[in-house]
1. Modelled label-to-label distance, Arg24 and Glu80, 7 Å Cα→beta-carbon offset: nm?
2. In segment 3-181, what % of DSSP beta bridges are antiparallel (nearest 5)?
3. Please work out the FRET efficiency for the pair Glu66 and Arg2, using the Cβ-Cβ distance as r and a Förster radius of 30 Å; give the result to the nearest 0.05.
4. Dipole of segment 3-181, Cα-centred, from +1 at each Lys and Arg C-beta and -1 at each Asp and Glu C-beta, to the nearest 20 debye?
5. List the chymotrypsin sites (Phe, Trp or Tyr not before Pro) within segment 7-79 that fall in a DSSP loop (any state other than H, G, I, E or B) and whose Cβ has at most 15 other Cβ atoms within 10 Å.
6. How would segment 49-90 be classified by its alpha-carbon gyration tensor: rounded, prolate or oblate, with rounded meaning a/c under 1.5 and the a/b versus b/c comparison settling the rest?
7. Taking square-rooted eigenvalues a ≥ b ≥ c of the alpha carbon gyration tensor, is the chain rounded, prolate or oblate, where a/c under 1.5 means rounded and, failing that, a/b exceeding b/c means prolate?
8. How far apart, in nm, are two points set 7 Å out from the Cα along the Cα-to-Cβ line at Ser142 and at Asp167?
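Where a number appears in this text, it was derived from the coordinates with a stated rule and is not lab data. Treat the numbers as computed from the prediction; the structure is a model and nothing was measured. Note that we place each Cβ from the backbone using ideal geometry, even for glycine, and neighbour counts take in every protein chain shown.
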Amino acid sequence: MREAGFVLAGGRSSRMGRDKALLRHWGVPLVVRAAAAVADVAGSVTILGDPGLYGRFGWPILADAEPGLGPIGGLLTALEHTRAEWNVLVACDMPDLSRDLLRELLRRTARARGRCVAPVTADGFEPLCAVYRRSALPEVRSAIAAGRLKMRDLLPLLDTVPVTGLDAACFRNVNTPEDWTGYLHRQ
């Protein structure tokens, strides 16, 4: 299998005050929107989160192998369970996630020598909408063992292939009630 998809939905949503994955946009929970986009592009999707919360949506679900690590814990779980060489990983809280963007990231894996392909914006790499090679697992484990849990700190260790010129709005995430309200008013 060349590619697989994963959606991060295991966060605490502490700044939002409620589960971001279950916020509804046009009547559809954000986790469902993200999972549908990833499944369409990667050919499969697994939700990384609580099976009790997200099992009703019909996709496979994996709880974090090591809870409490944040997104890097979800990446660890994905890479420990995948059989695919390349693995799309996206956060569930990006309401403008684009299938075309995901296709472009996967297209870039064809010639990639690194172990990650990720968009780059003015803010730097976007690690929560990226494609990770299964062979990145040792670096993920090492980073966790060393207590380096920030995804942006991991990407340089993976010889990440930068993808520029993409619409940064696709990566905008909603972390607070104000973010969500602002997003809905722009629609």
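1. 3.5 nm
2. 45 percent
3. 0.65
4. Dipole of segment 3-181, to the nearest 20 debye: 220 debye.
5. Those that pass, being in a loop and sparsely packed, are Trp26.
6. The shape class here is oblate.
7. It is rounded, given that a/c, with a ≥ b ≥ c, falls under 1.5.
8. Each label point lies 7 Å from its Cα, and together they span 3.8 nm.
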